[in-house]
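Nothing in this text is a laboratory measurement; each read-out follows from the coordinates by a stated rule. Note that the structure is predicted; figures quoted are calculated from it, not measured. Virtual Cβ from ideal backbone geometry, glycine too; neighbours counted across all protein chains shown.
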Amino acid sequence: MDKSKQPFHKPKRSFHKPKRSFHKPKRSFRRRLPPIGSGDRIDYRNMSLISRFISEQGKILSRRVNRLTLKQQRLITIAIKQARILSLLPFLNNEKRFKRIKNEKRFERIKNERRFERIKNEKRFERTKSISRATGPRTRNK
């Protein structure tokens, strides 16, 4: 057989990966303690435990943030919802609502001031209009 007509064969020698001269150093990390201990009961009455899993706004934090198992996250969610229904926990954090109310009051005050200015300007315009009607059109003498 002619060499040009032979089918392509892979070489039989094995390729060895060259040893890497550079190594990434392994990071040492401190293993974090689980957020729920073995003795903690997940219950709607256990407010010290439940409050750790709620954001400042009053939202339930995600499982990744909490570092909980799926079962623990479900139990925590149910306990938080029960505590909200029994009004042990607020649905929204009150501090944010108060800030919002203050901002709304400020907005209302500004709105009222602008409305007052507009009315004042309209009255001034009406007065000048009525004065010009009473005196008649102004004509220039040549």
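Using a Förster distance of 41 Å, how high is the FRET efficiency between N121 and E56, based on the Cβ-Cβ distance and rounded to 0.05?
My answer for the efficiency is 0.40.
Looking at the square roots a ≥ b ≥ c of the eigenvalues of the Cα gyration tensor of region 41-83, which shape do they give, rounded for a/c under 1.5, prolate if a/b is larger than b/c, or oblate?
oblate
What spacing in nm lies between the two simple spin-label points modelled at L70 and L88, each 7 Å away from Cα in the Cβ direction?
About 2.7 nm, to one decimal.
So, in nm, how far is label S48 from label E104 when the simple model puts each one 7 Å beyond its Cα toward the Cβ?
So the label points at S48 and E104 sit 3.7 nm apart.
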